[in-house]
1. Could you list all residues from the range B:68-91 that are over 26 Å from B:LEU22 (Cα atoms) and either in contact with a His (Cβ under 8 Å, 6 or more places away or on another chain) or free of Cβ contacts under 8 Å to residues at least 40 places away in the same chain (or both)?
2. Would you say B:GLU142 is of a type in the set (D, E, K, R) and more than 30 Å from A:HIS161 (Cα to Cα)?
3. Mind telling me which of the residues B:GLY119, B:GLY125 ends up being of a type in the set (Gly, Ala, Ser), part of a helix (DSSP H, G or I) and without any contact (Cβ under 8 Å) to a residue 24 or more places away in the chain?
4. Could you name every one of the helices (runs of 4 or more DSSP H) located completely within the range B:1-114 that has at least 1 residues being more than 14 Å from chain A (Cβ to nearest Cβ) and more than 30 Å from B:ALA177 (Cα to Cα)?
5. So, of the residues in the range A:170-182 that are at the interface with another protein chain (Cβ under 7 Å from one of its Cβ atoms) and free of Cβ contacts under 8 Å to residues at least 40 places away in the same chain, which turns out to be surrounded by the most Cβ atoms within 10 Å (Cβ to Cβ)?
6. Looking at the range A:148-165, can you tell me whether even one residue there is under 25 Å from B:THR180 (Cα atoms), within 11 Å of chain B (Cβ to nearest Cβ) and in a loop (DSSP other than H, G, I, E, B)?
7. Picking from A:ILE100, A:ILE131, which residue would you name as being buried (at least 23 other Cβ atoms within 10 Å of the Cβ) and either in contact with a strand residue (DSSP E or B) (Cβ under 6 Å, 6 or more places away or on another chain) or within 19 Å of A:ALA201 (Cβ to Cβ) (or both)?
8. Only one of B:ASP149, B:ASP166, B:ASP143, B:ASP158 is without any contact (Cβ under 8 Å) to a residue 40 or more places away in the chain and more than 28 Å from B:GLY119 (Cβ to Cβ); which?
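Every number here is computed from the coordinates shown, using simple stated rules; none is lab data. Since the structure is predicted, the reported quantities are computational estimates derived from the model, not experimental observations. Counting neighbours? That spans all protein chains shown, and the Cβs are built from the backbone with ideal geometry, glycine included.
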There are 2 protein chains.
Amino acid sequence: MREVFQQELREVQDRLVEISTLVTSSIERATESFNESNVSLAETVIADDDKIDELAAELDELAINILARQQPVARDLRIVVSALRISASLERMGDMSEHIAQLSRYRFPEKVVPKGLRGTFREMGALDVEIARKLTELLRTEDTRIAEDIRNEDDKVDALHLSVFDKVLGETWKGAAADTVDATLASRYHERFADHAVSIAKKVQYLATGDWIPQDA
Amino acid sequence: MREVFQQELREVQDRLVEISTLVTSSIERATESFNESNVSLAETVIADDDKIDELAAELDELAINILARQQPVARDLRIVVSALRISASLERMGDMSEHIAQLSRYRFPEKVVPKGLRGTFREMGALDVEIARKLTELLRTEDTRIAEDIRNEDDKVDALHLSVFDKVLGETWKGAAADTVDATLASRYHERFADHAVSIAKKVQYLATGDWIPQDA
């Protein structure tokens, strides 16, 4: 029984890594479509989000099934409950990628990235991609030092998010209302993407160290 | 054992109703602070969000505890897992209220509601309040007809959300960049608030009818 359970936990972990890998590919393409106004790339992000949703739903069914059959307690129980929450956060990260891609498709053939903010969004996008890669690595290795890295990268995303508002609300901003809307939404989506990663990282960290952190996504 | 379990499930339900009641009060005050630029009301919303977070975390601990001690299976297991998800969604609804209140505090003593959109936000706010009230009623009574009502109200919120963008991107829009940012964020928060309610309503509906709907918040 115990051995079967350990094997099932590895299966859960493998699936989380798989979903996180897809989310990484999704944010890579979303940020490229956003920065380069590449509408066909945006379409693939939007189409592929269904796959992420599907895998997350399957993982949830597996986790509930494990709870029913194995009746885990203590740390084992918390691992399975955490998997359910991590899957929900990964699913939301996929949604944020999709929203970013939708912005660039919606504005096409105009450029979605407002002038004067292209460098900022390039940086935010690169940070989100880096965070997604690190998250996959964290889920694979459970090396909690990576959780710290993710938190540091998230601080940088937050700073850039604030700088977008400084820019848009500053006296030199010449953007039209459409640029202001795009910048506001895109910045919010990039920031939320990173937030979800931090929330997952905290859960993995807890499982490794035993310090339970309540939901905070 | 069975009787204890039923009693514990009622405890879970009572706590969900309690949190939903607090969320209702929170969105009532948030929308009033937003519409009337009432900064002291906004402060109470922001301060009270900690209480919602705390109750949600306590409920999660109770649910995990029930899983460990009672080892529920089948429908009983899904009820407890759903409670964890519903608590996460309620916690996010509280966050959306807080964000709406923060917008009005941030802009004070200026009015946060952009001219030309006051009627729209008044309507969106009233719908969110109505949705929160119905959600509390749904959690209390498990009367699935209320779930349908919530879905219908959410459709109206979505239509108003789109109308905000039509307005802001239209030729008659005279708002400054700050107005555009406020309108964009406020509309998004109002819309997400309603989305979370729909996601909870679907879960309650499933528990009543047996049609499992995967996570979709």
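1. B:ALA68, B:ARG69, B:GLN71, B:VAL73, B:ALA74, B:LEU77 - these are the residues of the range B:68-91 that are over 26 Å from B:LEU22 (Cα atoms) and either in contact with a His (Cβ under 8 Å, 6 or more places away or on another chain) or free of Cβ contacts under 8 Å to residues at least 40 places away in the same chain (or both).
2. yes
3. B:GLY119
4. Passing ranges, in order: B:2-36, B:39-70.
5. Among them, the one singled out is A:VAL181.
6. Among the residues of the range A:148-165, not one is under 25 Å from B:THR180 (Cα atoms), within 11 Å of chain B (Cβ to nearest Cβ) and in a loop (DSSP other than H, G, I, E, B), which makes the answer no.
7. Sole residue among the options that is buried (at least 23 other Cβ atoms within 10 Å of the Cβ) and either in contact with a strand residue (DSSP E or B) (Cβ under 6 Å, 6 or more places away or on another chain) or within 19 Å of A:ALA201 (Cβ to Cβ) (or both): A:ILE131.
8. Checking each option against the conditions leaves just B:ASP143.
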